[in-house]
Amino acid sequence: MQDTFGQKVRTGLPRYARRGAKKSARRFALANLSLLQKIMLANLWIILAGAIIGSSLTARLAEAGQFNPLTLLIIIITAVCLSGSINYLILKAAFRPFDELQKVLTKVHTGNPRARAALHDISDPDVRHFTAALNQMLSRLEENAHVIQEDQKQLQLMTARVINAQENERKRIARELHDEASQALTAMIMGLESARQDADPQHEILQAKFDGLKQLAGSTLEELRKLALDLRPTMLDDLGLLPAVRWLSRTAAERAGLEVKVSVEGFDENERLAPEVETCLFRITQESLTNITRHAAAHFVEIKVERVASFESSIGDGWGAVRLSVQDDGRGFRPAEAKIEAYKGGHLGLFDIEERAALLSGKVEIESKPTEPGEKPGGTKITVLVPLNGCPADLRQGLDTGLHPYTQSPGGI
């Protein structure tokens, strides 16, 4: 009974079902072979089949008396073509998963970081392991890119706060110089004049001292006013960018003996821009003129402010923009080397220009090359493109120069 029962258990399935199960097992075993094993097995089958068929065909032709060099050449060519075609089909099927991986990498490269290869379509264990490792690497890269993006955003926010604090501190110092120090010096000048008038007119030495002190106080008052204007000119807040730029050009012409030309296209003289745009472009113009005065040995400077109809930036396409260009005829330099040297020496003028523009999703282009001995100076041109609508909303509050220097945004940093 037990043997019979055991026999019934072994023969309980129909014969065709057992054959199907064996075929499925063989297919599973073949499918789970590694890529190298599949290629070696396929080539062995090709060699074995070629040897058997070739030997049999050669023997039959020899018995029929039809074997000759031409026949041998035909057999060889036919065998090579057949084996090459079969090998091509086998290798194409074996490497099909790598074509899918290439498509996935192309999607990632073209801006789809979430593209992944499907593991369920891959039977080769080696390729499956490689694909799983690739998917894991892409996932980590996506996570790291997200972290880097968030860090860059936080860095931009912090930079905006620093610029905000700097601008507000400049406004505060300029206001104190104008309201307190200037008024005190004005009162001192008036007091000296009153004392001079009350003094004995015949006392020439005393009169000369009063005149000298009055002139000293007057020159000090004038320097304080210049310093206050350099820190934060009131015309930038009251009149806007274009009058402030024209004032900068006149100041540079007077102080450095430069010929400065200012041209405006697409803007009315009294047209106002977003406050952060006006501050950004004014500071970039100021820094550019300072660099020209200190390093370029230039004679002529041209400042252009133009309206641009469309501009592609990180906040979208089609936004209007303002283009500011400052060009001189002085000595040029290598921008990359200059940035490295400036960073080592703690001079961050070029970095400040690029950072201010980047906060507004703008672009900066510096065209310059050093002047070789015997050559005419080629000069330097700095071009800045900034969207007219200003910075993104999350940075607008950080760049608002009307805020207190240490004002926190609602969401914090």
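The values are calculated or read from the model by the stated rules, or taken from the named source; none is laboratory data. Predicted model, so just to flag it, every value in this text is computed and none were measured. Neighbour counts are summed over all protein chains in view; Cβ atoms, including those assigned to glycine, are modelled from backbone coordinates with ideal geometry.
Structure values in brief
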| item | result |
| --- | --- |
| Where a residue in region 134-158 is in contact (Cβ under 8 Å) with a residue 60 or more places away in the chain and its partner, wherever it lies, is β-branched (V, I, T), with Cβ under 7 Å and at least six apart | Q154/I413; L157/I413; M158/I413 |
| Candidate set from region 83-124 (those that are part of a loop (DSSP other than H, G, I, E, B) and β-branched (V, I, T)); member that is farthest from L48 (Cα to Cα) | T110 |
| Number of the condition not met by E254 [criteria: (1) surrounded by fewer than 20 Cβ atoms within 10 Å (Cβ to Cβ); (2) closer than 26 Å to L388 by Cβ] | (2) |
| Test set (1) modelled with pLDDT under 85; (2) closer than 26 Å to E354 by Cβ; (3) not assigned by TED's automatic domain parsing to the domain that holds R334 - A309 fails condition number | (3) |
| Boolean, V127 is outside the structural domain of F282 (by TED's automatic domain parsing), at pLDDT below 80 and part of a helix (DSSP H, G or I) | yes |
| Yes/no for I163 being outside the structural domain of Q286 (by TED's automatic domain parsing), within 45 Å of the chain's Cα centre (by Cα), in a helix (DSSP H, G or I) and surrounded by 14 or more Cβ atoms within 10 Å (Cβ to Cβ) | yes |
| Among residues of region 265-305, those that are among the aromatic types (F, W, Y), more than 17 Å from S368 (Cα to Cα) and not in a helix (DSSP H, G or I), counted | 1 |
| Residue match in region 217-229 (condition: surrounded by 16 or more Cβ atoms within 10 Å (Cβ to Cβ) and more than 23 Å from L289 (Cα to Cα)) | yes |
| L138 vs. criteria surrounded by 13 or more Cβ atoms within 10 Å (Cβ to Cβ) and farther than 30 Å from A228 by Cβ | yes |
| Within region 64-88, tally of residues that are touching a Leu at 6+ places or on another chain (Cβ under 8 Å) and aromatic (F, W, Y) | 1 |
| Subset of region 324-345 that is within 24 Å of A252 (Cβ to Cβ) and in a loop (DSSP other than H, G, I, E, B) - its residue that is nearest to the chain's Cα centre (by Cα) | F333 |
| Per-region count, region 356-395, residues under 16 Å from I163 (Cα atoms), of a type in the set (D, E) and modelled with pLDDT of 85 or more | 0 |
| The listed residue being part of a helix (DSSP H, G or I) and either loosely packed, with under 15 Cβ neighbours inside 10 Å or free of Cβ contacts under 8 Å to residues at least 24 places away in the same chain (or both), out of K214, K209 | K209 |
| Only one of A252, A228 that is in the same structural domain as P275 (by TED's automatic domain parsing) and of a type in the set (G, A, S) | A252 |
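Listed here are the residues, each with its yes/no results for (1) within 24 Å of L89 (Cα to Cα); (2) at pLDDT 75 or above.
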residue: A31; (1), (2): yes, no
residue: L35; (1), (2): yes, no
residue: I47; (1), (2): yes, yes
residue: P69; (1), (2): no, yes
residue: L73; (1), (2): no, yes
residue: I77; (1), (2): yes, yes
